[in-house]
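Working notes, beginning with the structure itself.
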Amino acid sequence: MTNTNRRLFVLDTNVLMHDPTALFRFQEHDIFLPMIVLEELDHGKKGLSEVARNVRQVSRFIDAMIEQYDNGIDKGVPIHMKGMIDHATEASGRLFFQTQAFEGKLPRNLPGDTPDNTILAIALSLHEQYPKRKITLVSKDINLRIKASVLNLHSEDYFSDQVLDDTDLLPTGFHMLPGNFWDTHSKNMDSWQEDGKTFYRLTGPLTSEWMPGEFIILEGEQPFQAIIRDINRDIDNDTVLIETIKDYTEEHHAVWGINALNTEQNLALNLLTDPEIDFVSLLGAAGTGKTLLSLAAGLSQTLEGNRYKEIIMTRATIPVGEDIGFLPGTEEEKMAPWMGALMDNLEVLTQPSSGGSWGRGATDEFLMNKIKLRSLNFMRGRTFLGRFIIIDEAQNLTPKQMKTLVTRAGPDTKVVCLGNIAQIDTPYLTETSSGLTYVVDRFKGWQHGGHVTLKTGERSRLAGYAEEVL
């Protein structure tokens, strides 16, 4: 442990509970695991929650590393799990364990024998024993990092799970074009119609910023909106295939009685009703219409177009992944309290029904036969064929949970992820590490996926004003 060129990271338990592959994310540097961390991992291994699964995976990683190395653990175990995970080849440090009691004691202003204070005492002792090494305590617990700062001990958050450095880097899903767009991009342009759709193939300087699945918008006297279907990258010029989209702001283009109230909603409805788009992500604050538009598109394509067999709705329950068995009834009845947004939006979608309250009640019952509520607890191993899947409150899912859900999609299935990354309730998740941020970033540029950030609230003038001032 005397190599001063390598940093020594002391890991808190919550880092491994959050990301079991954290052991392989520190490149050439060394890792130290206090005994109390192994104890907490042992206590957290039982159950079917996401945290328990992560803990069991960490234990398997550690066991496999120790088993591969038969020279004892006093001088550290090489962190080398090539072929086990994608980033394993980047790790070349050593994993050290606490093999003896440390004599270092906490300062008097931090009394008690809590796990956090024990980890602090061990990190301070390491700092005293190896003054030439940079000792860093890594924790997702902000309060532990604050206590470390009070003790003049270097600490950091765990950043390797972050998808982006800043959420401002997330795509909006569309590009606003300058007024002279056609002057600079109409040279050698081809256009044609096919199956009632209008296509253009063009080149120009702005195409280097575009990606498939995004929209281009030209405002003015002759407005123009199109979706980018394909791009052929070339050293000299990029050739882009675009297709004009429907204007759902017009009454005769309503989707289940719903019209787009702004440009972003129009783009969202185009993605939601496009058979060439298999994955849709919609970001936006409360009241921007994410759930209403998704439900309207799902009902239209399920009941009118017969494109999908049924609509499946799921969302993260708080606490995420914990057992919901204490609620009475079937799986759908257990999920009902979490699906208030579904009921609120169904009321809007069925309001015009004739026949008074009885007619609306019959309509609601008929629609609910085509809408299934599912808990993410029971998604593993399933395959959904020909379904319209809506994942609500997706910002509260981890990237691993999001992968589990999206990979459930079978042939002819569309997955729609909705959420607001400014309202995250899951512990240790942030705007830059949320599963919703993860899928938006990973799916950008795929021609069968699309994303739109909804900016304008349309719920009511009260809600809109509250969003600005509160």
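Bear in mind that the values in this text are calculations on the coordinates, not laboratory data. Quick caveat, the model's predicted, so the values are computed rather than measured. Cβ placement follows ideal geometry from the backbone for every residue including glycine, while neighbour counts extend to all protein chains displayed.
Given Lys140/Lys403; Lys197/Lys403; Lys290/Lys370; Lys46/Lys290, which pairs have Cα atoms separated by over 26 Å?
Lys197/Lys403; Lys46/Lys290
Cα to Cα, under 25 Å, and not fewer than 8 places away if on the same chain: which lysines meet these conditions relative to Lys134?
Lys75, Lys105, Lys147
Which peptide among 435-441, 245-251, 68-74, 400-406 comes first, and what is the full order, when sorted by highest mean count of other Cβ atoms within 10 Å?
Final packing ranking: 435-441, 400-406, 245-251, 68-74.
When a footprinting reagent is the concern and you count Cβ atoms within 10 Å, what order do Trp192, Trp210 take, fewest first?
Ascending number of Cβ neighbours within 10 Å: Trp192, Trp210.
Give me His80, His252 sorted ascending by neighbouring Cβ count inside 10 Å, so fewest comes first.
Fewest to most other Cβ atoms nearby, the residues stand as His252, His80.
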